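**Q** There's a structure below that I have some questions on.
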Amino acid sequence: MLLTEKKYVEWHENDTSHLARWLSASDHPAPRRIVIVDDRTTANEAYRLACAGTSMLYRGDFHNARQLLQAITRRIERTENNSAKRKSRKAANKAKNSTESDSKTLPNLFHQQRQMTAQRSRILSRLLLELDADYVSSLRRAPDMSNACLAAFGPLDKEDESCVLSFRDLQGALGAAGWREKGVVIKALGLSIYPHYGVFAPTRHEYVPLLLDAPLPKACDVAYDIGTGTGLLAIILAKRGIKQIIATDVNPRALTCAQDNFERQGLAHVHLQQVDLFPTDAPLANLIVCNPPWLPAKPTSPLEYSVYDANSAMLKGFLQGAKSHLAQHGEIWLILSDLAEHLQLRSRDELLGWIADAGLTVKYRLDTQPKHGRSQDKSDPLYTARSSEITSLWCLQSV
């Protein structure tokens, strides 16, 4: 997110106290323990310090810092693999003497994986870099990072002589700049979508043909795209000839990103509103589309809000409010994966109950199977659930 409240980090170096602006993509608190490391620091030493909760401010060569982070990553993976093997043996032994069902083991595996991912993120975030107020690094062989950081974090006040951020957050900013430059190809549409930093990239878009194949409601003049993100769904609706489209999102980054993509496609009739869910002062919609986060779990970073929806709050809020914004004979297209059901995090009966409680009924459903790498990876502990996943377009209407 763009910088708002100022936070600072302090450290001692060469018998001098230093103060710099603290930047964090996930709004993490500034580190309290910082040591200076350089090209002589070994991966084992860095891994030990990071696991102990000590942050490391790097001095020396930029590419050596990147290699050090990669080496720490390999040590984390080794530890995770050893832990997974121990847990697998323990689970196998337990299964011999237990009738515990997948309804317990799958959710446990899911939450264990999330905890492992969070722990990995904490450890890797402890390698730090210092940049000046123009986002320029003094490290040898450092690339030009100023534009990527400016897009990710916004401008710094000139009175801040320098800033400190994790190498991992810097990589995120550089990666986002790459996505924004090259775009994500949407083959079914014959165009590219250009994500911005902090906006979830539509790298999984198996549902696009469903949106192209579903029959439009009669007299479909007004449509809403709720939680537009990059604007992909609104662009699909525009390509299908809908005259007035209102796209909403609570994230200002998403609105800027969507506007950029609309302009690239020459779509002047798609209007944006920064609201939570449904637009205000708008005509009733003949069609309301929404692709909510698919998994009911608590997000731990801004980007995770596109994937995780704590207690299915957005999904339930969308269903509860949709009917009152729907024109007569209008339809709701809900894009939703059933992965949560295979992980035993939400049941089909719960989903159907929420639909019925909202005064809605299922008109039809279109399904597709994902083909992304994780659904094919048999070494993934959640392979059983991922390989069974179905993504659907649920067409709903008022009872």
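The values are calculated or read from the model by the stated rules, or taken from the named source; none is laboratory data. What you see is a predicted model, and the numbers here were worked out from it, not measured in a lab. FYI the Cβ positions are ideal-geometry reconstructions off the backbone, even for glycines, and counts take in every protein chain you see.
**Q** Against the definition (within 17 Å of the chain's Cα centre (by Cα) and at negative phi), how does V270 come out, yes or no? Step through it out loud before you land on a result.
**A** Numbers: within 17 Å of the chain's Cα centre (by Cα): no; at negative phi: yes.
When the stated conditions are applied, V270 does not pass them.
A quick yes/no check of all residues on (1) without any contact (Cβ under 8 Å) to a residue 40 or more places away in the chain; (2) of a type in the set (D, E); (3) not in a helix (DSSP H, G or I):
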site: R120; (1), (2), (3): no, no, no
site: L129; (1), (2), (3): no, no, yes
site: D144; (1), (2), (3): yes, yes, yes
site: A151; (1), (2), (3): no, no, no
site: E159; (1), (2), (3): yes, yes, yes
site: L165; (1), (2), (3): no, no, yes
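**Q** Next question, about the same structure. If you check I246 against the conditions, is it at pLDDT 95 or above, in a loop (DSSP other than H, G, I, E, B) and out of contact with any helix residue (DSSP H, G or I) (no Cβ under 6 Å at 6 or more places or on another chain)?
**A** Details: at pLDDT 95 or above: yes; in a loop (DSSP other than H, G, I, E, B): no; out of contact with any helix residue (DSSP H, G or I) (no Cβ under 6 Å at 6 or more places or on another chain): yes.
No; evaluated as a whole, the condition is false for this residue.
**Q** If I go through the range 4-39 residue by residue, how many of them are of a type in the set (S, T, Y), touching a residue at least 40 places away in the same chain (Cβ under 8 Å) and more than 26 Å from A118 (Cα to Cα)?
**A** Taking the range 4-39 as the starting set, the residues that turn out to be of a type in the set (S, T, Y) are 4, 8, 16-17, 24, 26.
Next, from what is left, pick out any that are touching a residue at least 40 places away in the same chain (Cβ under 8 Å): 24, 26.
With more than 26 Å from A118 (Cα to Cα) added as a condition, the list becomes none.
Result for the range 4-39: 0.
**Q** Further question on the same structure: Residues T203, T228: which one is among the hydroxyl-bearing types (S, T, Y), modelled with pLDDT under 95 and either within 19 Å of I246 (Cβ to Cβ) or surrounded by fewer than 20 Cβ atoms within 10 Å (Cβ to Cβ) (or both)? It would help to see each step written out before you state the result.
**A** Numbers: T228 fails: modelled with pLDDT under 95.
It is T203.
**Q** Sticking with this structure for a sec: Pairs needed: first member in the range 44-59, under 10 Å from L124 (Cα atoms) and assigned by TED's automatic domain parsing to the domain that holds L128; second member anywhere, surrounded by fewer than 16 Cβ atoms within 10 Å (Cβ to Cβ) and of a type in the set (D, E, K, R); C-beta distance under 8 Å; at least 6 residues apart or different chains.
**A** S55/R33
**Q** Would you mention how many residues in the range 103-138 are hydrophobic (A, V, I, L, M, F, W, C) and under 22 Å from E389 (Cα atoms)?
**A** Here is the first cut: in the range 103-138, the residues hydrophobic (A, V, I, L, M, F, W, C) are 106, 109-110, 116, 118, 123-124, 127-129, 131, 133, 136.
So of that shortlist, the ones also under 22 Å from E389 (Cα atoms) come out as 106, 109-110.
The qualifying residues number 3.
**Q** Using the structure shown, decide if H329 is within 29 Å of Q115 (Cα to Cα) and either surrounded by fewer than 17 Cβ atoms within 10 Å (Cβ to Cβ) or at pLDDT 90 or above (or both).
**A** Values: within 29 Å of Q115 (Cα to Cα): no; either surrounded by fewer than 17 Cβ atoms within 10 Å (Cβ to Cβ) or at pLDDT 90 or above (or both): yes.
It is false that H329 is within 29 Å of Q115 (Cα to Cα) and either surrounded by fewer than 17 Cβ atoms within 10 Å (Cβ to Cβ) or at pLDDT 90 or above (or both).
**Q** Specify the residue that is surrounded by the fewest Cβ atoms within 10 Å (Cβ to Cβ); the eligible residues are those in the range 231-246 that are charged (D, E, K, R) and without any contact (Cβ under 8 Å) to a residue 40 or more places away in the chain. Steps first, please.
**A** Initial filter on the range 231-246 (charged (D, E, K, R)): 239-240, 243.
Those still in the list that are without any contact (Cβ under 8 Å) to a residue 40 or more places away in the chain too: 240, 243.
Working: R240: 14, K243: 10.
For the range 231-246, the residue satisfying everything is K243.
**Q** Right, next: Just need a number here: residues in the range 208-243 that are within 23 Å of the chain's Cα centre (by Cα) and assigned to a loop (DSSP other than H, G, I, E, B).
**A** Here the count works out to 5.
**Q** Of the residues A142, A148, A118, which is at negative phi, modelled with pLDDT of 90 or more and surrounded by fewer than 20 Cβ atoms within 10 Å (Cβ to Cβ)? Walk me through it before giving the result.
**A** Numbers: A148 fails: surrounded by fewer than 20 Cβ atoms within 10 Å (Cβ to Cβ); A118 fails: modelled with pLDDT of 90 or more.
Every option except A142 fails the conditions.
**Q** Could you list, in sequence order, the residues of the range 311-326 that are free of Cβ contacts under 8 Å to residues at least 24 places away in the same chain and surrounded by 18 or more Cβ atoms within 10 Å (Cβ to Cβ)?
**A** Matches in the range 311-326: none.
**Q** Further, regarding this structure: Before we move on, is D281 among the acidic types (D, E), free of Cβ contacts under 8 Å to residues at least 24 places away in the same chain and either assigned to a loop (DSSP other than H, G, I, E, B) or surrounded by fewer than 18 Cβ atoms within 10 Å (Cβ to Cβ) (or both)? Give the steps one after another, and end with the answer.
**A** On the way: among the acidic types (D, E): yes; free of Cβ contacts under 8 Å to residues at least 24 places away in the same chain: yes; either assigned to a loop (DSSP other than H, G, I, E, B) or surrounded by fewer than 18 Cβ atoms within 10 Å (Cβ to Cβ) (or both): yes.
Against the criterion (among the acidic types (D, E), free of Cβ contacts under 8 Å to residues at least 24 places away in the same chain and either assigned to a loop (DSSP other than H, G, I, E, B) or surrounded by fewer than 18 Cβ atoms within 10 Å (Cβ to Cβ) (or both)), D281 qualifies.
**Q** Any residue in the range 252-271 that's closer than 24 Å to A152 by Cα: show its pairings with residues that are among the acidic types (D, E) and at pLDDT 95 or above at Cβ separation under 8 Å, as long as the two are six or more apart or on different chains.
**A** Between residues of the range 252-271 that are closer than 24 Å to A152 by Cα and residues that are among the acidic types (D, E) and at pLDDT 95 or above, the close pairs are L255/D249; A258/D249.
**Q** Let me ask you something else. Hey, can you tell me all the residues within the range 247-257 that are under 15 Å from A151 (Cα atoms) and surrounded by 24 or more Cβ atoms within 10 Å (Cβ to Cβ)?
**A** Within the range 247-257, A254, C257 qualify.
**Q** Then there's this: Restricting the search to the range 345-383, which residues are under 25 Å from N81 (Cβ atoms), surrounded by 12 or more Cβ atoms within 10 Å (Cβ to Cβ) and of a type outside the set (A, V, I, L, M, F, W, C)?
**A** H372, R374, S375, Q376, D377, D380, P381, Y383
**Q** Here is a check on your reading of the model: is A219 surrounded by 16 or more Cβ atoms within 10 Å (Cβ to Cβ) and either in contact with a Leu (Cβ under 6 Å, 6 or more places away or on another chain) or modelled with pLDDT under 95 (or both)?
**A** So A219 does not fit the description; no.
**Q** Within the range 342-382, which residues are at pLDDT 95 or above and in a helix (DSSP H, G or I)?
**A** R348, D349, E350, L351, L352, G353, W354, I355, A356, D357
**Q** Being acidic (D, E) and in contact with a Phe, Trp or Tyr (Cβ under 8 Å, 6 or more places away or on another chain) is true for just one of D338, D377, D357, D367. Which residue is that? Give the steps one after another, and end with the answer.
**A** Values: D338 fails: in contact with a Phe, Trp or Tyr (Cβ under 8 Å, 6 or more places away or on another chain); D357 fails: in contact with a Phe, Trp or Tyr (Cβ under 8 Å, 6 or more places away or on another chain); D367 fails: in contact with a Phe, Trp or Tyr (Cβ under 8 Å, 6 or more places away or on another chain).
Just one listed residue meets the conditions, D377.
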